1. What order, most packed first, do the peptides 57-65, 18-26 have when packing is the mean number of other Cβ atoms within 10 Å of each residue?
2. Please get the size of the charge dipole for segment 2-67, origin at its Cα centre, with Cβ charges of +1 on Lys and Arg and -1 on Asp and Glu, quoted in debye to the nearest 20.
3. So what is the relative contact order for segment 2-67, in percent, with contacts set as C-alpha pairs under 8 Å and at least six apart?
4. Work through the residues other than K67 whose Cβ is under 12 Å from its Cβ and net out their charges, Lys, Arg +1 and Asp, Glu -1.
5. Taking the alpha-carbon distance from K69 and a cut-off under 27 Å, which lysines remain once sequence neighbours fewer than 8 residues away in the same chain are dropped?
6. Using only the Cα atoms of segment 2-67, what are the Rg and Dmax in Å?
7. V21: net charge of surrounding residues, Cβ under 15 Å, Lys/Arg +1, Asp/Glu -1, itself excluded?
Amino acid sequence: PLIFAESKVMILNKVDLLPYVDFSLEKASNFAKSLNAEIEIFPLSAKTGEGVDKWYEWLRREVKAKKNK
């Protein structure tokens, strides 16, 4: 899909549910990377906070870069 080829970032939320569902984080990440080698992938859980800091850090860098242009 074009969205993966054009996107800078992919957020995979609800990783706290991975033990309970038939979903492969690795396969999803590999598929996205096969379409866009530059895409940054952030697995996170809004419930537990896992991965949120890394995503916020990326957002801060992006905002700062846009302001400095």
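Just so you know, all these numbers are worked out from the coordinates, no wet-lab data involved. Not measured: the values here are computed from a predicted model. So basically every Cβ, Gly included, is an ideal-geometry build from the backbone, and we count neighbours across all protein chains shown.
1. 57-65, 18-26
2. It comes to approximately 340 debye.
3. Working: 57 pairs, mean separation 24.9, N = 66.
Once divided by the residue count of segment 2-67, the mean separation gives 38 percent.
4. Details: positive: R60, R61, K64, K66, K69; negative: E62.
Neighbour charge sum, excluding K67 itself: +4.
5. In chain and number order, the partners are K8, K54.
6. Spelled out, the Cα radius of gyration and Dmax of segment 2-67 are 12.9, 42 Å.
7. Values: positive: K14, K27, K47; negative: D16, D22, E26.
Every neighbour counted, the sum reads 0.
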